[in-house]
Amino acid sequence: MEEEAPSLSTTTTSPLLLHERCGHHLRLKTTLCAELSGAVGDLGTYIPIILALTLVSHLDLSTTLIFTALYNFTTGLLFGIPMPVQPMKSIAAVAISESPHLSLPQIAAAGLSTAGVLLLLGVTGLMSFLYRFLPFPVVRGVQLSQGLSFAFTAVKYIRFNQDLAASKSTSPRPWLGLDGLLLALSSLLFIVLATGSGDNDHTHNPSTENTINRRRSPRLNQRLKVLSQIPAALVVFLFGLILCFVRDISILGDLKFGPSKITLLKITWEDWKIGFVRGAIPQIPLSILNSVIAVCKLSGDLFPDREASARTVSISVGVMNFVGCWFGAMPVCHGAGGLAGQYRFGGRSGASVVFLGIGKLVLALLFGNSFVSVLNQFPIGILGVLLLFAGIELAMASKDMNSKEESFVMLVCAAVSLTGSSSALGFGCGILLFLLLKLRELEFSRVGFLKSKSEESSKDDEATSLIP
């Protein structure tokens, strides 16, 4: 399931070979428009969380954009796939919804504590061990629960007005208006017409594309080809960005040129204790399951020739946060939902996230923290549409169960995760159920073995007695 770690001779490559490898990882695997569209595929989760933390916990938007841009550059070069960089969701949920709210140093302490655990698991090889031996249906159950959770949240974004600072839905969204239900549904229909069910990519099996094309009329093939070349997510996102200024033209006066000053946080011992207990403890199992194991498995499903190593992904999460959290950047991780979203909208190479990083860096350097006034006007219904497709794409990765037993374990794991709002709880139940089923089979095979042995013994005795 996972590539072997490179040997010492491989790691000490010449600058020329390193340059060739980086160029290969950034080489476009599809059209430029598709890669750009994929770049915005995970913003349905990124923008609401970052905006809420900026309003509630006074997160420095400019610093977060700068550091996450650097992370995007690094992951694009390192993995060669649209590996996402997303906020740590459990820490963000605690910081926003629980009272008292976590302060910025406490958020940083929670992120650093989580990063330390993942870095240790990656360096020691324990993460690779977990990835190799965890039951496949349990991993799929975690992916299914995360995908459906995103989809449920997306539907709330579309149907109801949102108080992001309080992390809750309010009144039903009106049909008309610049953030109305009609606008969100129109965006959804546009993406469906342009991208269909997301099955336009047949790079893993070119013969499949030829077979499908032969069954269709030439006119239909041409129309579908034109539609599939539309960067749907990019068009919808840019349209939402324009609507920000239409909704409130006065935000132009709020924009100020130049980034904010990056400062080193002062984290006290009390901040470490609160951050670890309230933020890191619920985040660590989620990061292990969704940010490493699920994302590596999904990368193998979507990119069989470029499956991400669990060891590398775990170390990547640790290093990223040890660089940025000290300066007040939001704790981040790699998420299976983000990878699914970027793939769903056209991302096929590391260039996709590099383009996203360029956009973040330009906004941070040009407008700094003042850009939050623009994000505050972004239509939440449109973000919900982007998030919906990302969630469905992630959930559909679980369609490859080969038996009723595997499907049973997967669905129980997903159901418990969704009901208890805890991937760790669902994971534990899934592991227990998987072991019980194996124990049941083991017990029956033992009984069968003993029974067959006794029957053979009795038959031997009868045969011996018949011998004169």
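The table that follows gives values for the structure above.
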{"item": "Residue in the stretch 325-337 that is farthest from LEU264 (Cα to Cα), counting only those that are touching a Ser or Thr at 6+ places or on another chain (Cβ under 7 Å) and buried (at least 24 other Cβ atoms within 10 Å of the Cβ)", "result": "GLY337"}
{"item": "Qualifying residue in the stretch 253-265 (condition: more than 30 Å from PHE378 (Cβ to Cβ) and not charged (D, E, K, R))", "result": "yes"}
{"item": "Whichever residue in the stretch 260-279 is β-branched (Val, Ile, Thr) and open to solvent by less than 50 Å² (accessible area, probe 1.4 Å) and, among such residues, is farthest from the chain's Cα centre (by Cα)", "result": "ILE267"}
{"item": "Residue that is touching a Ser or Thr at 6+ places or on another chain (Cβ under 7 Å) and β-branched (Val, Ile, Thr), where the choices are VAL313, VAL353, VAL362", "result": "VAL353"}
{"item": "Inter-residue pairs, beta-carbon under 7 Å, first more than 16 Å from PRO331 (Cα to Cα) and in a loop (DSSP other than H, G, I, E, B) and in the stretch 70-88, second of a type outside the set (Lys, Arg) and open to solvent by 10 Å² or more (accessible area, probe 1.4 Å), 6+ apart", "result": "GLY80/HIS24; GLY80/HIS25; PRO82/TYR343"}
{"item": "Residues of the stretch 225-249 that turn out to be touching a helix residue (DSSP H, G or I) at 6+ places or on another chain (Cβ under 9 Å) and either farther than 30 Å from ALA34 by Cα or assigned to a helix (DSSP H, G or I) (or both), as a count", "result": "15"}
{"item": "Wholly enclosed helices (runs of 4 or more DSSP H) of the stretch 280-324 bearing at least 2 residues open to solvent by 10 Å² or more (accessible area, probe 1.4 Å) and among the charged types (D, E, K, R)", "result": "294-302"}
{"item": "Residues being within 16 Å of PHE239 (Cβ to Cβ) and out of contact with any helix residue (DSSP H, G or I) (no Cβ under 8 Å at 6 or more places or on another chain) - total across the stretch 154-191", "result": "3"}
{"item": "Only one of GLY426, GLY346 that is in a loop (DSSP other than H, G, I, E, B) and either among the acidic types (Asp, Glu) or touching a Ser or Thr at 6+ places or on another chain (Cβ under 8 Å) (or both)", "result": "GLY346"}
{"item": "Only one of LYS399, LYS360 that is of a type in the set (Lys, Arg), in a helix (DSSP H, G or I) and either open to solvent by less than 20 Å² (accessible area, probe 1.4 Å) or closer than 24 Å to CYS244 by Cβ (or both)", "result": "LYS360"}
{"item": "The stretch 141-168, residues that are open to solvent by 50 Å² or more (accessible area, probe 1.4 Å) and in a strand (DSSP E or B)", "result": "PHE160, ASP163, LYS168"}
{"item": "Subset of the stretch 202-244 (residues that are open to solvent by 60 Å² or more (accessible area, probe 1.4 Å) and modelled with pLDDT of 90 or more)", "result": "VAL235, LEU238, PHE239, ILE242"}
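The values are calculated or read from the model by the stated rules, or taken from the named source; none is laboratory data. Computed from a predicted model, the values in this text were never measured in an experiment. All Cβ positions, glycine included, derive from the backbone under ideal geometry; neighbour counts span all protein chains shown. Each accessible area value is taken on the protein alone, full model and side chains, heavy atoms only, with ligands, DNA and RNA left out. Shrake-Rupley method; radii C 1.70, N 1.55, O 1.52, S 1.80 Å.
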